[in-house]
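> Please read through the structure below; I'll follow up with questions.
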Amino acid sequence: MNIALVIENFYPLKGGREASTAQIASGFADRGHTVTILCQDGEPGDNPAVTVRRLLGRGGSRAKRLRKFATLVQGLCREGEFDIVHSMLAIPGVDVFSPRGGSIPAQLATIRRRDGKGRETLSRIGRTVNLKRRLEAKFERQLVADPSTLILTNSPMVAGEYHRYYGRTEHVVSVFNAVDLPDMDEQTRAETRNAIRLSLGISDEDTLLLTAATNFRLKGVYEAIDALRFTPPDIHLLAVGANNPDPAMAYAKKRGLADRVHTLPPQASLMGVLSACDAVVLLSWYDTCARVILEALSFPRPAMTTKLNGVAEILASGAGYIVQSPAHCEEVAAAFVRLSSPSHREACLRAARNIGDKASMDRQVEETLHHYESHLQSR
């Protein structure tokens, strides 16, 4: 099968959807398929069997670049060079669409939920003048209106959004997200743990909770800091991933928590900080299926997130804790305290071992290929 994966930018070391796309592409290539990444901008990944084709150079407004990129992708679809064109962006005319950031109506609902009516009004004004966002919304409406396009979501939560907001149920399927962690032997884990904790000034007896996000506001880092106020002083929070963590540290300082909140810049791999932490928390205001939770469970580490994260269902077996929302400070603090207990963490790890193939990249690749084949047969 000749497969094209479409993504706006392709820099796998950034993690997130770019790393996930690279891992899926490698899985296809390892099974003998021809795989091409179509992107506006990017660089080759680790697998030389995966071709990266840049369709645009730099320059121009974001909206103009998106429109031009969509036109180029649509041209390739019409030419029939590929058996399957699978896009992570809403581009009308592709075979398969994976809304890795979720549906646009759900994203807008997140703004209302998180910011309230006052800031929602400002956000609405911003969206009016944000031509790229308006174009993305238009493309999504056009794509959803085409029943021949397969909508392939990464969690049942997101699949439900297309029914709720668009009334679309046909050709909407879910393939749960997955991760592929590199190996790290126990000695390296222990040495890395000690080194990172020493650099942060955290003893081995203290509890270190890890949260990883580029957008601290969306992923509830400020709410996690607030919750720390209601926990024992030996519980610390490590926030990784923001290019500018200064606002979060200023927020912690105002609350007298500067010595219990720590930050690190974006990491090429989370293996080191997973070694250093005791549990992973992600207080998402919205997440389609956060990979960091799956990475935690695969490492393994206990995890905690909100019901607003599509990955939450995997924790229902007891592998961690699910809270209603980041705004429920007392509930969050209580979960932090439970995660500080070694016996609670061990119980979570026992449950995590039963998850098995649920977080396996091999499982995600095989299920995705199955849906490709079904889609080709239905044409």
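The values are calculated or read from the model by the stated rules, or taken from the named source; none is laboratory data. The structure displayed is predicted, hence computed values, not measured ones. Here the Cβ positions follow ideal geometry from the backbone for every residue, glycine too, while neighbour counts run over all protein chains shown.
> Please enumerate the residues belonging to segment 179-188 that are surrounded by 12 or more Cβ atoms within 10 Å (Cβ to Cβ) and out of contact with any Gly (no Cβ under 9 Å at 6 or more places or on another chain). Walk me through how you get there before you give the answer.
Within segment 179-188, the first condition is being surrounded by 12 or more Cβ atoms within 10 Å (Cβ to Cβ), and the residues that meet it are 179-181, 184, 188.
Selection gives V179, L181, T188.
> Please enumerate the residues belonging to segment 14-66 that are among the aliphatic types (A, V, I, L, M) and in contact with a Ser or Thr (Cβ under 9 Å, 6 or more places away or on another chain).
Of all residues in segment 14-66, those among the aliphatic types (A, V, I, L, M) come to 19, 22, 24-25, 29, 35, 37-38, 49-50, 52, 55-56, 63, 66.
Across segment 14-66, the qualifying residues are I24, A25, V35, I37, L38, A49, V50, V52.
> Are any of the residues in segment 360-377 over 21 Å from the mean Cα position of the chain (by Cα) and among the basic types (K, R)?
Scanning segment 360-377 turns up no residue that is over 21 Å from the mean Cα position of the chain (by Cα) and among the basic types (K, R).
Yes or no, residue by residue, for (1) of a type in the set (D, E); (2) in the same structural domain as E140 (by TED's automatic domain parsing); (3) surrounded by fewer than 20 Cβ atoms within 10 Å (Cβ to Cβ):
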site: P156; (1), (2), (3): no, yes, yes
site: Y165; (1), (2), (3): no, yes, yes
site: A195; (1), (2), (3): no, no, yes
site: F216; (1), (2), (3): no, no, no
site: Y222; (1), (2), (3): no, no, yes
site: R229; (1), (2), (3): no, no, yes
site: L237; (1), (2), (3): no, no, no
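> From A250, A224, grab the single residue that is closer than 18 Å to L282 by Cβ and in a helix (DSSP H, G or I).
On inspection, the qualifying residue turns out to be A224.
> Taking the conditions exactly as written (hydroxyl-bearing (S, T, Y), on the phi < 0 side of the Ramachandran plot and at pLDDT below 95), does S275 satisfy them or not? Before the answer, list the steps.
On the way: hydroxyl-bearing (S, T, Y): yes; on the phi < 0 side of the Ramachandran plot: yes; at pLDDT below 95: no.
Judged against the criteria, S275 is not a match.
> Might you let me know whether segment 239-247 holds any residue that is aliphatic (A, V, I, L, M), in a loop (DSSP other than H, G, I, E, B) and either out of contact with any strand residue (DSSP E or B) (no Cβ under 6 Å at 6 or more places or on another chain) or surrounded by fewer than 19 Cβ atoms within 10 Å (Cβ to Cβ) (or both)?
So in segment 239-247, the residues aliphatic (A, V, I, L, M) come out as 239-240, 242.
Checking which are in a loop (DSSP other than H, G, I, E, B) leaves us with 242.
So of that shortlist, the ones also either out of contact with any strand residue (DSSP E or B) (no Cβ under 6 Å at 6 or more places or on another chain) or surrounded by fewer than 19 Cβ atoms within 10 Å (Cβ to Cβ) (or both) come out as 242.
Checking segment 239-247: at least one residue is aliphatic (A, V, I, L, M), in a loop (DSSP other than H, G, I, E, B) and either out of contact with any strand residue (DSSP E or B) (no Cβ under 6 Å at 6 or more places or on another chain) or surrounded by fewer than 19 Cβ atoms within 10 Å (Cβ to Cβ) (or both).
> For residues in segment 285-318 being among the small types (G, A, S) and surrounded by 24 or more Cβ atoms within 10 Å (Cβ to Cβ), which is farthest from the chain's Cα centre (by Cα)?
A303
> Can I ask one more? Working only within segment 336-347, note down all residues that are within 21 Å of F299 (Cβ to Cβ) and in contact (Cβ under 8 Å) with a residue 40 or more places away in the chain. So that I can check it myself, show each step before the final result.
To start, the set of residues in segment 336-347 that are within 21 Å of F299 (Cβ to Cβ) comprises 336, 338-347.
Once the filter is applied, which keeps residues that are within 21 Å of F299 (Cβ to Cβ) and in contact (Cβ under 8 Å) with a residue 40 or more places away in the chain, segment 336-347 yields F336, L339, S340, H344, R345.
> Suppose we keep only residues that are of a type in the set (S, T, Y) and under 24 Å from the mean Cα position of the chain (by Cα) within segment 167-191. Which one would you say is nearest to C289 (Cα to Cα)? Steps first, please.
Within segment 167-191, the subset of a type in the set (S, T, Y) is 169, 174, 188.
Filter once more, so that each one left must be under 24 Å from the mean Cα position of the chain (by Cα): 169, 174.
Values: T169: 20, S174: 11 Å.
Per the stated criteria, the residue is S174.
> Taking interchain pairs and intrachain pairs at least six residues apart, which have beta carbon atoms under 9 angstrom, with the first residue in segment 268-284 and in contact (Cβ under 8 Å) with a residue 60 or more places away in the chain and outside the structural domain of E223 (by TED's automatic domain parsing) and the second part of a strand (DSSP E or B) and of a type outside the set (A, V, I, L, M, F, W, C)?
none
> Same structure again: Condition check: over 25 Å from R363 (Cβ atoms), crowded, with 18+ Cβ neighbours inside 10 Å and in contact with a strand residue (DSSP E or B) (Cβ under 8 Å, 6 or more places away or on another chain). Does A70 satisfy that? First the steps, then the outcome.
Values: over 25 Å from R363 (Cβ atoms): yes; crowded, with 18+ Cβ neighbours inside 10 Å: yes; in contact with a strand residue (DSSP E or B) (Cβ under 8 Å, 6 or more places away or on another chain): no.
Judged against the criteria, A70 is not a match.
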